[in-house]
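Where a number appears in this text, it was derived from the coordinates with a stated rule and is not lab data. In this text, all values refer to a predicted model and were calculated from it rather than measured experimentally. Positions of Cβ are generated from backbone atoms using ideal geometry, with glycine treated the same way; all protein chains shown enter the neighbour counts.
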Amino acid sequence: MELTVINETQSESSGGGCSSGSCGSSNDQLSHLSDEIKQKVHNHPCYSEEAHHYFARMHVAVAPACNIQCHYCNRKYDCANESRPGVVSELLTPDQAVKKTKAVAANIPQMTVLGIAGPGDPLANPERTFETFRRLSAEAPDIKLCVSTNGLALPDSVEELAKHNIDHVTITINTVDPKIGAQIYPWIYWKNRRIRGEKGAQILIEQQQKGLEMLVAKGILVKVNSVMIPGVNDDHLKEVSRIVKQKGAFLHNVMPLIAEAEHGTFYGVMGQRGPSNEELMDLQDACSGDMNMMRHCRQCRADAVGLLGEDRGSEFTLDKIDAMEIDYEAAMKTRAIVHQGIAEELEEKERKRAALAAVKVPSGPASDNKHFRPVLMAVATSGGGVINQHFGHATEFLIYEASSNGVRFISHRKVDQYCIGDDSCGEKESALAGSIRALSGCEAVLCSKIGFEPWGLLEEAGIQPNGEHAMEPIEEAVMAVYEEMIATGQLDEVADSSKMSA
Amino acid sequence: MALSIVDSCVNCWACVDVCPSEAIYEATPHFMINANKCTECEGDYADPQCASICPIEDTILNAAGESINPPGSLTGIPPELMEKAMAEIQAR
């Protein structure tokens, strides 16, 4: 079948056929946002799959205490070898945190965002958290500040947050139903009492919702994080998504529960499972009808430093910072130049993308007017928006969906490398088997190179390896492979058989 | 009369901020309560504050050396129902 690509010269998105804004080949979720919000988040590495390859963020661990218990959290957070929220190896005083932030900003000029995320709840440590923010606003005004919270103390903190020019707050909202809440939060500390069960959950939920409304009223951007817990809140999160969107949250980030037994959380010890890749994706898709969804969160540590997915924290330990002489005035000048350079590069890419967004795969010749099913593909990349990583070197894959609407980014999937073959894993599996499992549901994997052994195993698993698009932009390559699948009739058969079985 | 912190403490800092008597201090291997300063929150609050926010069971003891947060009191699952709860959770 001959496939023509129609290049619509449509520069304005208004008036096009895309009322939902989810069509076209958007690389990330920023395309859904209003220009005003885009302006605020364009250089925030956590909000865009694209920006995180260019801009870096850091967290400072100044907030150890917490005022609630979540069943997915273990308060024993002193671990250097894990990468997940709540975990941290070095607690900092506000003074140390300010020093560390300036040292990182001077040495990694791409660092644009400083967050306080724990290891406890930042707003349950108001003095340490706000002193850090107050000093950084004054001493390093070119750094954006953000904070994440469980929401319990949020209404009392909104005034103070607004003072420090914090334009992003993340609230973790796992439920709006106290019955479900009681299965996630066994207790809260509230007005000098420990409040258990549904009563505690109800207070937490009310505070979260009130805090969300107050922040929105102040014009502070709110992102909502939710942990997907199968059998507890999975279905319910669709309602959560609807409600928080309606109240003005600008982004919803549904994350999978992390519940390995060795982390020692209640859920881990009790054997609560996390969601499969497919379950997570289905829920994110179900929520996306109501909400701008965030799909590339790497669930990083409360003391993470660097680009998402990497951690350079070990270069900035307290003793190393002490040995550094930081001239922040000079650093700010360098940083401004670096940021300008990145902005220009991103603008250039945005122009290319705008052209690509107009590329549509027609539904075949008018005579049969076929609609081809969407296909998931995995991509190995080390950044820069191109396919440039060897299959065997990938520690994570980006998952894209190609359909007649174009190419869209779906999620990233980590390759399980920390499986140590203990009891919880059942049979010890090879790294390769882990990679292949991470790619379930994908029909192709695009990488720069791939070895002979994985090639065969991938084919057996129904995933076509493809090394023909090395160094090409991801979206163009994914579309090219999709077109090839259509052209060779691979999508005809399956579409027909699925129709029959439906 | 004073409360005390025992070995199971994970050094999460939560108790330090809520103590009205500034009786809790950082120590190795874990936080300690200064028995001379501790009032068990009498006159300040209905419940001792450190024991009301401590996330670990069996970690804060009363003056008689008894656990204020015994097993099951913080997970919400009494020990005798543990097996049943685990089976339910694993069926999810």
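For B:N69, the residues whose modelled amide H falls within less than 5 Å of its own, excluding neighbours fewer than 5 places apart on the same chain, are B:D58, B:T59, B:I60. Backbone N atoms of the stretch B:2-17 closer than 16 Å to the 7 Å Cα→Cβ label point of A:E127 belong to residues B:13-17.
Any chance you could run the full-extension gain for A:R193 through A:T395? It's 0.36 nm times the residue separation minus the Cα-Cα distance, nm to one decimal. Intermediate results must be reported in sequence, preceding the final value.
Numbers: separation 202, 0.36 × 202 = 72.72 nm, distance 4.49 nm.
Value of the extension gain: 68.2 nm.
In whole Å, how far is the Cα centre of the stretch A:95-120 from that of the stretch A:135-198? The distance from the Cα centre of the stretch A:95-120 to that of the stretch A:135-198 comes to 20 Å. Counting charges near B:T39 (Lys, Arg +1; Asp, Glu -1) among other residues having Cβ under 15 Å from its Cβ returns a value of -4. Semi-axes of the equivalent ellipsoid for the stretch A:29-322, computed as √(5λ) from the eigenvalues of its C-alpha gyration tensor and ordered from largest down, come to 27, 22, 20 Å. Amide H contacts under 5 Å for A:A444: A:A378, A:Q464, restricted to partners 5 or more places along the chain or on a different chain, H placed in the peptide plane at 1.01 Å from N. Take the Cα of A:M471, step 7 Å toward its Cβ, do the same at A:E36, and the gap between the two points is 4.5 nm. When the pairs A:K38/A:K352; A:K179/A:K238; A:K102/A:K210; A:K179/A:K245 are compared against a 25 Å limit on Cα-Cα distance, A:K102/A:K210 fall above it. Here the Karplus curve 6.51 cos²θ - 1.76 cosθ + 1.60, taken at θ = phi - 60°, turns the phi angles of the stretch A:443-452 into couplings of 10, 8, 10, 9, 8, 6, 8, 7, x, 5 Hz, with x standing for Gly and Pro. Shape analysis of the stretch A:172-223 based on the Cα gyration tensor places the equivalent ellipsoid semi-axes at 22, 12, 7 Å, largest first.
How many angstrom separate the Cα center of the stretch A:311-353 from the Cα center of the stretch B:16-92? One Cα centre to the other: 44 Å.
Which loop trypsin sites (Lys or Arg not before Pro) in the stretch A:169-241, with loop taken from DSSP, have no more than 10 other Cβ atoms within 10 angstrom of their Cβ?
Details: sites: A:K179, A:K191, A:R193, A:R194, A:R196, A:K199, A:K210, A:K218, A:K223, A:K238; in loops: A:K191, A:K218.
Those that pass, being in a loop and sparsely packed, are A:K191.
Charges were assigned to the Cβ only: +1 to each Lys and Arg, -1 to each Asp and Glu. The resulting dipole of the stretch A:29-322 about its Cα centre is roughly 660 debye. Applied to the stretch B:24-30, the Karplus parametrisation 6.51 cos²θ - 1.76 cosθ + 1.60 on θ = phi - 60° returns per-residue 3J(HN,Hα) values of 9, 9, 6, 8, 10, x, 7 Hz, with x for Gly and Pro. Counting every C-alpha pair in chain B, the share spaced more than 20 angstrom apart comes to 39%. For the stretch A:313-320, 3J(HN,Hα) computed residue by residue from phi via the Karplus equation (6.51, -1.76, 1.60; θ = phi - 60°) reads x, 5, 7, 10, 6, 4, 5, 5 Hz, glycine and proline entered as x. Remark on A:A63: its backbone amide H falls under 5 Å from those of A:G118, A:G120, a criterion applied only to residues 5 or more positions apart or on other chains, H modelled at 1.01 Å from N.
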